[in-house]
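The structure under discussion appears below in the form of structure tokens.
Bear in mind that the values in this text are calculations on the coordinates, not laboratory data. The structure presented is a predicted model; accordingly, all values stated were derived computationally and were not measured. Backbone-built Cβ (ideal geometry, glycine too); neighbour counts: all protein chains shown.
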Amino acid sequence: MSDYAHPEVLVSTDWVDQHKFDPHVVVVEVDVDTQAYQEGHVPGALGWNWQTQLCDTLQRDVISKAELEKLLGESGIGNDTTLILYGDNNNWFAAWAHWQLKMYGHNDVRIMNGGRKKWLAEGRVVTKEVRKPQPVKYTAKERDESIRSYLAQVQQAMNAKDGAMVDVRSNDEFTGKILSPPGLPETCQRGGHIPGAINIPWAQACNEDGTFKSREELETLYMGKGIVPEKKIIAYCRIGERSSHTWFVLKYLLGYPHVSNYDGSWTEWGNLVGAPVEKGAIALTEKQMA
Amino acid sequence: MNAENFTEEIVTIEGNSVRVVTYRIAEEYYCHVYNLDPGACIARFTSVNREKAKEEALAKAKQRLLKTAGNH
């Protein structure tokens with residue numbers, strides 16, 4: 001992990017095993033499958049539900065500052081706490097939580113490399129016991145919007161020479177062959193992708209055991225398709241969670257200076273009246289590779 | 001207690017490749033079926049018997065995939 005641009009944002013399963021009960025450390029599981037935590041989790045770990053605790057449940061938005069302060073305070077997380085996130089499916093929603101915590105300025109938040117899958121596959125100790133943390137006061141910073149992109153910024157970026165968009169959905173979603181992933185009912189009005197976007201499915205950044213690929217492999221993956229650090233990169237997917245994983249990879253593992261997550265993503269763009277849509281596979285243009 | 005017998009395999013249901021994960025915690029076997037991308041859990045079943053957990057989870061996955069087969 002030491003080759004990454006910011007190796008301090010990752011911890012290994014061994015590290016978590018050794019430090020999970022340290023008083024300044026809080027471990028939190030965030031899964032896409034919101035029932036997985038109850039089956040068994042890292043001893044001492046809390047569980048956050050992304051559908052009810054990490055988003056605004058009334059209007060479509062990330063969690064508010066007040067709600068985040070409440071969640072972290074009730075979880076016993078202070079401003080100086082080392083917060084370790086992990087989850088199922090290559091840390092998919094752990095990355096979503098990480099993105100939001102960085103938006104609100106939590107200093108020391110890290111991801112357990114390999115996530116829940118690696119912990120289980122290694123046969124480590126799990127528990128069904130839910131810890132009751134001692135509440136503390138948490139004060140979040142004002143939201144840092146520089147790591148988030150809104151519709152208007154994406155519309156501008158579409159024609160910008162210094163920008164690039166990476167669509168991290170599956171190839172079938174990107175080309176418009178399907179409107180939503182198999183088994184998921186929420187579709188959109190149009191299939192395809194934002195014109196000019198490059199398709200690099202998010203999970204290509206991971207190894208089979210759920211850990212992140214090496215820096216060299218990640219550089220080959222992204223730079224080989226024109227997603228380079230000199231450009232302002234916008235990552236998007238369907239609802240902004242897979243793209244938060246790619247955001248994490250580009251920003252922290254590769255150290256790109258200008259990366260943002262368009263969390264409106266395809267469920268916004270693909271439903272928008274008059275929005276231009278490209279379908280099918282694309283060949284990289286000179287602009288994209290420049 | 002420890003997580004035990006973690007297995008993962010790719011199978012095809014109704015023309016869709018899915019990832020089937022099983023493991024045991026204490027006396028129970030858990031089986032989850034995920035679509036390949038994004039990797040969302042589309043079915044699950046818990047049983048004291050591994051084969052039963054897998055069989056039921058795959059049956060539930062098939063039902064769910066059939067419901068979204070028209071999203072093309």
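Which of A:K117/A:K213; A:K161/A:K279; A:K225/A:K251; A:K118/B:K67 have a Cα-Cα distance over 26 Å?
Listed pairs above 26 Å: A:K118/B:K67.
Between A:Q204 and B:M1, how high is the FRET efficiency from 1/(1 + (r/R0)^6) when r is the Cβ-Cβ distance and R₀ = 41 Å? Nearest 0.05.
0.75
Between A:T127 and A:E186, with labels modelled 7 Å along Cα→Cβ, what's the label distance in nm to one decimal, could you check?
3.4 nm
Which lysines, on any chain, are close to A:K137 with Cα under 25 Å apart, when same-chain ones fewer than 8 places away are left out?
Output for A:K137: A:K20, A:K65, A:K70, A:K102.
Have a look at A:H19, A:V109, A:G123 and report the one farthest towards the positive end of the charge dipole of chain A, computed about the Cα centre with Cβ charges (Lys/Arg +1, Asp/Glu -1).
Most positive-ward Cα: A:V109.
Please identify the GluC sites (Glu not before Pro) of the stretch B:1-50 that satisfy two criteria: DSSP loop assignment and at most 16 other Cβ atoms within 10 Å. Which are they?
Passing sites in the stretch B:1-50 are B:E14, B:E27.
Calculated FRET efficiency, A:D162 and A:Q35, Cβ-Cβ r, R0 41 Å, to nearest 0.05?
That gives a FRET efficiency of 0.40.
How would A:K70, A:K128 line up from fewest to most surrounding beta-carbon atoms within 10 angstrom?
A:K128, A:K70
When only DSSP loop residues count, what GluC sites (Glu not before Pro) in the stretch A:85-144 have their Cβ near at most 12 other Cβ atoms within 10 Å?
Sparse-neighbourhood loop GluC sites (Glu not before Pro): A:E129, A:E142.
If you place +1 on the Cβ of every Lys and Arg, -1 on the Cβ of every Asp and Glu, and leave all else neutral, what size is the dipole of the stretch A:132-276 about its Cα centre, to the nearest 20 Debye?
300 debye
Can you list the trypsin sites (Lys or Arg not before Pro) in the stretch A:187-218 that are in a DSSP coil and have 16 or fewer other beta carbons within 10 angstrom?
Listed in order of number, the matching sites are A:R190, A:K213.
If we count other beta carbons within 10 Å of each Cβ, what is the order of A:R169, A:R60, fewest first?
Placing the least packed residue first, the sequence is A:R60, A:R169.
Picking from A:E186, A:E278, A:E29, which is most flexible by a Gaussian network model of chain A using Cα springs under 10 Å?
Most flexible of the set in this elastic network: A:E186.
Net charge near A:Y256: determine it from the other residues with C-beta under 11 Å of the C-beta of A:Y256, scoring Lys and Arg +1 and Asp and Glu -1.
In short, +1.
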